[in-house]
Amino acid sequence: MNLKLGNFHVKDIVFGEKTMYKDGILTVNKEELLSLILADKRITKCDIKIARPGDDVRILPVKTTIEPRHKMSDGYAYPGQVNPLAMAGEGLTYCLKDMSVITVGKYGGFSEGIIDMCGNGAAYSHYSKYVNLCLIMESTDEEEEKSLSYKKSLSYRNASYKASEYLGRTVKKLTPDEYEEYDFEPILKRKELELPKVVYVYHMKSQAIQRNMNTTLYGCDADKTLPMLISPTEILDSALGTTVECVAACGENDMDYANNPTIKRLFREHGKTLNFVGVILTESPTDMLEKIRCSKMTAQLCKTLGIDGAVLCLASYSNAQIDFIYTFKEMEAAGVSVVGMVMECCGKDGRSQPLVLMDPKADAIVSGGNVSELLHLEARGNIYGDLDSVLRDPWSGAWAKDDIYGPSLREDGSLLIEDNCMWADCSPIGFSDKTVEEF
Amino acid sequence: MKYAIVYVNQMFGQIGGEDVADVGPSLHEGCIGPAVLYQNFLGEDIKVTHTIVCGDNYMGSNTEEALAQIKEFLQDKPLDLFFAGPAFLAGRYGLACGSVCRMVEESFGVPVFTSMNQENPGMEMFRKEMIIFKGGKSARSMGENVKAMCNYALKVLNGEPLLSAEKEGYFGRGIRKAVYHGRLNSDRAVDMLIAKLNKSAFVTELPMLTSDKPAPAHAVKDLKKCRVAIVTTGGIVPAANPDRIQSSSATIWGKYSLEGMERLSPDDFICIHSGFDNQLANENPNIVAPVDAMVQLEKNGVIGELYPYLYTTTGTGTAQAAAVKMAQGMIADMRNHEIDAAILTST
């Protein structure tokens, strides 16, 4: 399987008469994009704003982030999500890099997040480094949005895909700045490599019993799956879709999935230090028996394939850490050398047990940060979204009152929150260089 | 000018050896013994004004009196830094350094530093509370051990960035903090995997410590006579969530009346827990907080009495320390209401 990504590096986004891309500048016809979004009658209001690195802007509550793409060969940019089903992972896909389309709502909840474009808050999301096109919306799902801590945000997600396809189309007749090529040779046709056989194992989120909440693979709900092997090029070509079943800091959204830096690094090592055999997708169910089944079947799959090593990525924290530790142990028992990627939850003071389940067999871990670390973010002059949401809504990592700390939203507009709120900040997918050390 | 005071035992305070270990605390102007070294390493901008000397046995057997006397000594002295030791392998000296540093930090709020060998029993006893530098086994390490403390103390006073325990050379206090490594997590993971596959050395970023396991409570003697409470971490709260209990990372717990209820009505109670899909719990909150079943058990005489209040919070992403604090609050309240047993439901 050969995947070629044609990259266009977006230096700036401006509004103008014609939506087009030229020399690093993406011009957007605001009215045209607005009418496209408002064609969905569930969207009652939409404003579009641009947030550049260094701008005095705080964006919240962030619902989705996505990279505009266009599939040049057969298939679709986001197959099985909003597009019809087609297989991803082969051919040519154009990508608008260094930017994202962000959907922003009014009400925050479990999985909504914050992105600051400047100041001390800008250290806490890799999205602060991109030029972001923000779709600030309200929807007819208002009752659902107001009342629930889990919001499916279907209309927002739909709008993000539509806007991204619309912007992706602007480059379809142009020549990319550069190409990234990922060649994944069929594993049974490889000439015998005397190198350790390695897989990347990813826990999709699947705690929800309702549809449209868990991670999706080609639109299929993760909880309908069992551990499986797929090509890493499929992940880089948008086979995985956003979950709303995970806090913001864990960073599970389309753009992160499709740019997985650990998969890219494994590709770079392929043929040199290791033989990259593929990605095992497993899930993280709530039922204990299912957790055991998934961890054992993942190990069994490694055994069947003769896998020597694996990077195991914890998708989220709390009960998903049980899946992580079980899978780690089962794989080690099956003779696989495992390195785990996690985020920790050590409390505001860093003194709490980092994972709900600890085991000495999990002896090789890379940490992505402490989701419950206390942050005091300076006030920002411009709010894209609704700042009052922090006090009003059931955020993960923000609070209306606290005997020690007082409310998360201070009188001067600054925020005292947990890292939990910061969009993709502690993601174990590997975008950050953050770790945790003992003091 | 900033001011420092140093604590040493009778031996390093030049009073004498084991034979005078019973001597009580004394305050001396200027530097005695190791205090001279502290003064050298701290430089001209910091003055070591006093040395406090106390016998190890006196401190061990009259701890409260000794600490009270030392507190009295310090009451009117300008103080910016406090040092004790180094205690090396000396067990009683290590415990004395820990006790004095704890008192000084609590009473005067100034940074305190000590140094012990890793096998000194004082190290395990006090490491979570204060910065204890990794010291040598004997006074041969005096110079380097004092220097390490002084260098760090100067960084603290000057507001310089402080590195992790490992990098600074002290025993970790169990405080885990985010830092930036300089190399992406994705690269570190693959590097570590290559090292592990090649059986080369690597260092995990999260050492797996064993969990604290609380001892189980005594068994209930006669359930038929018990007043039983329902406690849940399943996030079941009255519909308006009046105490604004968080949907994750909770720090607040609530107590809500069940008076006259046969079961929790979905009109009056909701589930705010965001660690699971709470659709079913919202349709029937009793599946998480089983008021319906407990009322039946009360009617059937299986339990003496159902305490007519629900204790509740959210158990997802909740830090262990926050959970312990909430539990302590609930337990105190239960004791006030003579509750004999509780069932704790999670999700």
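Since every read-out is calculated from the coordinates, none of them should be taken as a lab result. Small disclaimer: the values here were computed from a predicted structure and weren't measured. Cβ atoms come from the backbone with ideal geometry, glycine included; neighbour counts cover every protein chain shown.
Enter the mean number of other protein chain beta carbons within 10 Å of the beta carbon of each residue in A:362-375, as an integer.
6
222 nm [θ] for chain A, helices only, -39500 (n - 2.57) per DSSP H run of 4+, per residue, to 500?
Working: 9 runs with 85 residues, N = 439.
Calculated mean residue ellipticity at 222 nm is -5500 deg cm²/dmol.
Over all residues in A:263-275, what is the mean tally of Cβ atoms on other chains that come within 10 Å of each residue's Cβ? Don't skip to the answer; put the middle values down first.
Details: counts 2, 3, 8, 4, 0, 2, 4, 0, 0, 1, 6, 4, 0.
Per residue, the average neighbour count from other chains is 3.
What percent does the relative contact order of chain B come to when contacts are Cα pairs within less than 8 Å and at least six residues apart?
The normalised contact order for chain B reaches 13 percent.
Report the charge-dipole magnitude of the stretch A:173-319 in Debye, nearest 20, computed about the Cα centre from +1 at each Lys and Arg Cβ and -1 at each Asp and Glu Cβ.
480 debye
Using 30 Å as the Cα-Cα cut-off, could you pick out the over-long pairs in A:63/A:291; A:173/A:224; A:129/A:151; A:296/B:177; A:329/A:434; A:151/A:401?
A:173/A:224; A:296/B:177
Quote to one decimal, in nm, the extra length available between residue B:337 and residue B:224 on full extension: 0.36 nm per residue of separation minus the C-alpha distance between them.
Working it through step by step, the gained length comes to 38.9 nm.
What's the FRET efficiency of residue B:240 with residue A:85 using the Cβ-Cβ distance as r and R₀ = 41 Å, to the nearest 0.05?
On the way: r = 44 Å, r/R0 = 1.07.
In this case the efficiency is close to 0.40.
Give or take rounding to whole Å, what are the principal axis extents of the alpha carbon atoms in the stretch A:1-150, in descending order?
Largest to smallest, the principal-axis extents are 44, 35, 32 Å.
Between rounded, prolate and oblate, where does chain A land on the alpha carbon gyration tensor, with a ≥ b ≥ c its root eigenvalues, rounded for a/c under 1.5, else prolate if a/b exceeds b/c?
oblate
Given the rule -39500 (n - 2.57) for each run of at least 4 DSSP H residues, summed and divided by the residues of chain B, what is its mean residue ellipticity at 222 nm, to the nearest 500 deg cm²/dmol?
It comes out at -10000 deg cm²/dmol, rounded to the nearest 500.
Using label points projected 7 Å from each Cα along Cα→Cβ, tell me how many nm separate residue A:359 and residue B:183, to one decimal.
Output for this residue pair reads 2.7 nm.
Arranged by the count of other C-beta atoms within 10 angstrom, fewest first, what order do A:71, A:11, B:47 take?
A:11, B:47, A:71
Distance from the Cα centre of the stretch B:1-60 to that of the stretch A:199-220, in angstrom?
Cα centroid to Cα centroid, the span is 63 Å.
Enter the mean number of other protein chain beta carbons within 10 Å of the beta carbon of each residue in A:100-113, as an integer.
So the per-residue partner count for this stretch is 1.
Among B:136, A:426, B:337, whose Cα lies farthest out toward the positive end of the dipole of the protein assembly as shown, if unit charges sit on the beta carbon of Lys, Arg (+1) and Asp, Glu (-1)?
It is A:426.
Ordered by packing density, taken as the mean number of other Cβ atoms within 10 Å over each peptide's residues, highest first, how do A:274-280, A:292-298 rank?
Highest-to-lowest ranking by the protection proxy: A:274-280, A:292-298.
Could you name the lysines in cross-link range of residue B:71, using Cα to Cα under 27 Å and dropping any fewer than eight places away on the same chain?
Filter leaves B:2, B:47, B:128, B:134, B:147, B:155.
Label-point separation (nm) for residue A:229 and residue B:345, each offset 7 Å from Cα along Cα-to-Cβ?
Going from the residue A:229 label point to the residue B:345 one covers 4.4 nm.
As I understand it, the dipole of the stretch A:1-67 uses +1 on the Cβ of Lys and Arg and -1 on the Cβ of Asp and Glu, about the Cα centre. Which of A:34, A:61, A:16 lies farthest toward its positive end?
Final value for the positive-end residue is A:61.
Specify which residue in the list B:254, B:207, B:285 is farthest towards the positive end of the charge dipole of the stretch B:170-297, using unit charges on the beta carbon of Lys, Arg (+1) and Asp, Glu (-1), about the Cα centre.
Projecting each Cα onto the dipole axis, the largest value belongs to B:207.
Pop out the ³J(HN,Hα) list for the stretch B:47-59 in order, Karplus 6.51 cos²θ - 1.76 cosθ + 1.60 with θ = phi - 60°, rounded to Hz; leave Gly and Pro as x.
Values per residue, Gly and Pro as x: 10, 7, 7, 9, 10, 9, 10, 8, x, 4, 5, 4, 4 Hz.
For an R0 of 25 angstrom, estimate the FRET efficiency from the Cβ-Cβ distance between residue B:213 and residue B:166 and round to the nearest 0.05.
About 0.40, to the nearest 0.05.
Most exposed first by the Cβ proxy, i.e. fewest other Cβ within 10 Å, how do A:399, A:423, B:253 rank?
Fewest-to-most ranking of A:399, A:423, B:253: B:253, A:399, A:423.
I need A:324, A:184 ordered by Cβ neighbour count within 10 Å, fewest first.
Final ranking by Cβ density, sparse to dense: A:184, A:324.
Quickly work out the residue B:1-to-residue A:52 label distance, labels modelled 7 Å from Cα along the C-beta direction, and quote it in nm with one decimal.
5.5 nm
Within the stretch B:36-54, what residues put their amide N at less than 17 Å from the label point 7 Å along the Cα-to-Cβ vector of residue B:158?
Taking a point 7 Å out along Cα→Cβ of residue B:158, the residues of the stretch B:36-54 whose backbone N falls under 17 Å are B:39-47.
How far, in nm, would the chain grow between residue B:14 and residue B:44 when pulled straight, counting 0.36 nm per residue and subtracting the alpha carbon separation?
On the way: separation 30, 0.36 × 30 = 10.80 nm, distance 2.48 nm.
Length difference between fully extended and current span is 8.3 nm.
First measure r as the distance between the Cβ atoms of residue B:89 and residue A:192, then evaluate 1/(1 + (r/R0)^6) with R0 = 60 Å and state the FRET efficiency to the nearest 0.05.
Numbers: r = 57 Å, r/R0 = 0.95.
Using R0 = 60 Å, I get an efficiency of 0.60.
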